[in-house]
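The values are calculated or read from the model by the stated rules, or taken from the named source; none is laboratory data. In this text, all values refer to a predicted model and were calculated from it rather than measured experimentally. All Cβ positions, even for glycine, are placed from backbone atoms using ideal geometry, and neighbour counts span all protein chains on display. Protein only, heavy atoms only, side chains kept; ligands, DNA and RNA dropped before computing areas. Shrake-Rupley method; radii C 1.70, N 1.55, O 1.52, S 1.80 Å.
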Amino acid sequence: MSENANSRDGPRPICFMVMPFRTKSVSAGPGSQAPAKVDFDALWDRALSPAIESMGYIPRRADQDGGSLIVRDMLERLAYADLVMADVSIPSGNCYYEVGVRHVAKETRCVLVAADWSQRLFDIAQFNTVQYPLRDGTVPEEEANSIRDHLIASVPPLIEARTPWHETISGPEEAVSYT
């Protein structure tokens with residue numbers, strides 16, 4: 001269990017996972033080792049969720065919340081989850097938006113992860129990201145084990161890193177006027 005997670009004697013902390021759902025196409029350049037498609041549900045089931053469990057957190061994704069107020073539930077998870085991990089392997093407006101919300105909502109505890117072939121858009125590409133190898137988009141068990149082990153070793157040291165918002169922007173009382 002991660003030293004960042006609570007002991008199993010008390011309530012377990014929640015890790016909210018921001019990521020694409022279902023199978024998505026990958027647009028990678030020539031010579032890339034990226035698969036043509038990635039089954040993100042298989043990636044969740046076989047690698048990400050078990051890695052989060054091993055770090056001592058309860059893994060949650062937005063599609064697991066059954067409430068009728070989906071946006072409110074998602075915003076609450078982003079604001080209050082003990083940890084937010086975001087897979088930014090493919091450019092996704094939804095994922096990027098959710099990362100931005102978390103960056104402002106909490107000073108720390110937002111870790112980006114991505115396949116090592118990913119071509120993140122400029123703004124996201126600047127942020128620390130744990131990169132994992134993913135060659136087969138069906139995420140076979142052997143590859144899932146490798147991803148899981150890599151995340152378990154690489155995510156905990158980044159959990160307390162400050163988000164870019166809190167690292168660079170002063171409080172409102174010190175804001176600069178541009179008018």
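Could you state, as a whole-number percent, how many of the C-alpha pairs of segment 68-122 are farther apart than 15 Å? The share of Cα pairs beyond 15 Å in segment 68-122 comes to 47 percent. Under a model in which nothing but the beta-carbon of Lys, Arg (+1) and Asp, Glu (-1) is charged, segment 53-136 shows a dipole of about 120 debye around its Cα centre. The calculated FRET efficiency for Lys24 paired with Thr108, based on their beta-carbon distance and R0 = 30 Å, is about 0.55. In terms of the mean number of neighbouring beta-carbon atoms within 10 Å, the peptides 72-79, 104-111 order highest first as 104-111, 72-79. When peptides 133-142, 53-62 are sorted by average Cβ neighbour count within 10 Å, with the highest value leading, the order is 53-62, 133-142.
Note on the chain: with a GNM built from Cα contacts shorter than 10 Å, the maximum mean-square fluctuation among Phe21, Phe122, Phe40 falls on Phe122. Per residue, the accessible area of the chain comes to 53 Å² when a 1.4 Å probe rolls over the protein heavy atoms. Converting phi to 3J(HN,Hα) with the Karplus coefficients 6.51, -1.76 and 1.60 and the offset θ = phi - 60°, segment 34-48 yields 6, x, 5, 9, 10, 8, 5, 5, 5, 4, 5, 5, 9, 10, 5 Hz in sequence order, with x at every glycine or proline. In order along segment 147-161, the phi-based Karplus estimate (6.51 cos²θ - 1.76 cosθ + 1.60, θ = phi - 60°) of 3J(HN,Hα) comes to 4, 4, 4, 5, 5, 4, 7, 9, 6, x, x, 9, 4, 8, 5 Hz; Gly and Pro are listed as x.
The amide H of Leu112, built 1.01 Å from its N in the peptide plane, has Ala86, Val130 as neighbours under 5 Å, considering only residues 5 or more places off or on other chains.
Over the Cα atoms of the chain, the radius of gyration divided by the Kirkwood radius equals 0.98; this is the Rg/Rh ratio. For the chain, the fraction of 1.4 Å probe accessible surface lying on carbon and sulfur atoms is 51 percent.
For segment 113-129, putting each phi into the Karplus relation 6.51 cos²θ - 1.76 cosθ + 1.60 with θ = phi - 60° gives couplings of 10, 6, 4, 5, 8, 5, 10, 6, 5, 3, 4, 6, 4, 6, 8, 4, 9 Hz, in residue order, rounded to whole numbers and with x for Gly and Pro.
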